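J.: Let me begin by handing over the structure; questions about it come next.
The values are calculated or read from the model by the stated rules, or taken from the named source; none is laboratory data. Just so it is clear, the model here is predicted, and its values are computed rather than measured. Here the Cβ positions follow ideal geometry from the backbone for every residue, glycine too, while neighbour counts run over all protein chains shown. Accessible surface areas use protein heavy atoms only, side chains included; no ligands, DNA or RNA. Shrake-Rupley method; radii C 1.70, N 1.55, O 1.52, S 1.80 Å.
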Amino acid sequence: ATLPTNTPFGMAALLPTPEAGLRVDLSSGKPSITAGERSGIETRDGRKELLLLAVATRRKGRGPDFAELTALLKGEPIPDGPFLVVFDNTIDELGHKGTEQLPLLAETLAADLRKAILLLHEAGVSEVHVVTDHGFLLLPPEAVDAQGRPDLHPAKVLHKDLRWAALKPGAAVEGLLRLPLPLDPDAATLAFPRGVRTLKQAESYMH
């Protein structure tokens, strides 16, 4: 993935991209990502379309098939195309909706992933890559908030998320790490709180 490990950026960074690269627009206050003439790359459907086009073009034929991990584990047929992308949102959904249960289910989630990989191998998929679009933090929110929160005035930002912000040109900030947006360095300068600190009230599960 790439900084910030927020899904639209992290997921887009894992895709094969056109020579012109990806462009990020933060003018509306919410990130939007384009690849050449294709927009909506910040959405799953947009990323699917880009992946289909890129793989079909490079392989001069059929693009990838898509499947859900839960469907594979239920025994549903595995697509037999030359390239398969298997999605799974279970960890992220559990993290947001049932944070307290996530550590207790770690072994089960790992076992399900292993089972799915074995099923793919048995179906003739010789090579499996396991990737993620972001990492996460599982911490007591009161302990995070107790470390203090950097002061970042709304007038200085194009967009502010829990663990990162896109700064307006020339905005001066203190107590934050500054880095160019890796996907599109000309689009914005990013600001990150140090360590596990947040820019908004902390949550128990954070990207």
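J.: I'd like the full set of residues that are out of contact with any Ser or Thr (no Cβ under 6 Å at 6 or more places or on another chain), surrounded by fewer than 20 Cβ atoms within 10 Å (Cβ to Cβ) and under 28 Å from Val196 (Cα atoms), limited to the range 16-35.
T.: Result: Leu26, Ser27, Ser28, Gly29, Lys30, Ser32.
J.: With Arg44, Arg62 as the choices, which residue is among the charged types (D, E, K, R), within 22 Å of the chain's Cα centre (by Cα) and either open to solvent by 30 Å² or more (accessible area, probe 1.4 Å) or modelled with pLDDT of 90 or more (or both)?
T.: Arg44
J.: Looking at Thr90, Thr2, Thr108, Thr70 in this structure, which one is open to solvent by less than 30 Å² (accessible area, probe 1.4 Å) and closer than 30 Å to Ser204 by Cα?
T.: Answer to the check: Thr2.
J.: Filter the range 160-207 down to residues that are touching a helix residue (DSSP H, G or I) at 6+ places or on another chain (Cβ under 9 Å) and in a strand (DSSP E or B) and give me whichever is most open to solvent (accessible area, probe 1.4 Å).
T.: The selected residue is Lys160.
J.: Just checking, does the range 126-147 include any residue being polar (S, T, N, Q), out of contact with any Leu (no Cβ under 9 Å at 6 or more places or on another chain) and closer than 26 Å to Thr99 by Cβ?
T.: Yes, because at least one residue in the range 126-147 is polar (S, T, N, Q), out of contact with any Leu (no Cβ under 9 Å at 6 or more places or on another chain) and closer than 26 Å to Thr99 by Cβ.
J.: Hey, another quick one. Exactly one condition in (1) without any contact (Cβ under 8 Å) to a residue 60 or more places away in the chain; (2) open to solvent by 60 Å² or more (accessible area, probe 1.4 Å) is false for Ala143; which is it?
T.: Evaluating Ala143 over (1) without any contact (Cβ under 8 Å) to a residue 60 or more places away in the chain; (2) open to solvent by 60 Å² or more (accessible area, probe 1.4 Å) leaves (2) as the failure.
J.: Would you check if Phe136 is over 24 Å from Asn89 (Cα atoms) and surrounded by 13 or more Cβ atoms within 10 Å (Cβ to Cβ)?
T.: It is false that Phe136 is over 24 Å from Asn89 (Cα atoms) and surrounded by 13 or more Cβ atoms within 10 Å (Cβ to Cβ).
J.: Considering Leu69, Leu102, Leu84, which residue is of a type in the set (A, V, I, L, M, F, W, C), touching a residue at least 60 places away in the same chain (Cβ under 8 Å) and in contact with a strand residue (DSSP E or B) (Cβ under 8 Å, 6 or more places away or on another chain)?
T.: Leu102
J.: Which is hydrophobic (A, V, I, L, M, F, W, C), in contact (Cβ under 8 Å) with a residue 12 or more places away in the chain and touching an Asp or Glu at 6+ places or on another chain (Cβ under 7 Å), of Ala202, Ala172, Ala165, Ala188?
T.: Of the residues listed, the single one that is hydrophobic (A, V, I, L, M, F, W, C), in contact (Cβ under 8 Å) with a residue 12 or more places away in the chain and touching an Asp or Glu at 6+ places or on another chain (Cβ under 7 Å) is Ala202.
J.: Looking only at the range 85-102, which residues are farther than 21 Å from Thr7 by Cβ and within 21 Å of the chain's Cα centre (by Cα)?
T.: Those that are farther than 21 Å from Thr7 by Cβ and within 21 Å of the chain's Cα centre (by Cα): none in the range 85-102.
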